[in-house]
Structure formats: structure tokens, C-alpha cells
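Working notes, beginning with the structure itself.
Throughout, read-outs are computed from the coordinates displayed, never taken from laboratory work. Please read all numbers here as calculations on a predicted model, not as lab measurements. Note that each Cβ is placed from the backbone with ideal geometry, even for glycine, and that neighbours are counted across all protein chains shown.
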Amino acid sequence: MGVVMIKSPETGRTISTGMKADRERFRCSPVFFARTFCLICEASHEWFAKEAWVHEPDENRHRPRAALAPQPA
């Protein structure tokens, strides 16, 4: 599960839409139109689903180091 992201048309910076989605399901979803308030521009940006993507944080980054270490046999 990740966060749906868009690029601000005003600044070019990546912003969160506040929506959560599974990457594959979002990719297969019907085309839709939405609005997102951008805290950087302090304005609403209109966007289509084809312009957005799902950012899923790397799971390994959030795991404790011990969980990543090889386990003895």
C-alpha cells in the first residue's frame, strides 16, 4: 500500500494527494479526474489518474537491522 502522488504544475515538486492505494490496483483503475490542495502553492491542482503514481516506501528501510541480518541455520 502506498500514497498517490502528483507533480505540482506550479513548482514541479512532488506532492501527496492524500489518497492511499495499491500500485497495481491503481494502475488498473479507470481514468478519473481529481483535485488536490497543494500546501506549497496554497492552491488546488486538478489532475487525471494517468498523471499520478503510487509511492510505496521501501519495506527494508523501515525494518530493524536484526530482521535484515542472515539467520543462523
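Restricting attention to segment 1-51, the residues that are more than 14 Å from the chain's Cα centre (by Cα) and outside any strand (DSSP E or B) add up to 13. The set of residues from segment 30-55 being touching a helix residue (DSSP H, G or I) at 6+ places or on another chain (Cβ under 6 Å) and loosely packed, with under 12 Cβ neighbours inside 10 Å comprises V31, F32. Tallying residues that are on the phi > 0 side of the Ramachandran plot and either among the β-branched types (V, I, T) or touching a residue at least 12 places away in the same chain (Cβ under 8 Å) (or both) within segment 9-56 yields 1.
So which residues in segment 1-12 are loosely packed, with under 15 Cβ neighbours inside 10 Å and under 18 Å from P57 (Cα atoms), if there are any at all? Even if it seems obvious, please write down each step before you answer.
At the first step, the residues of segment 1-12 found to be loosely packed, with under 15 Cβ neighbours inside 10 Å are 1, 9-12.
Result: M1, single match.
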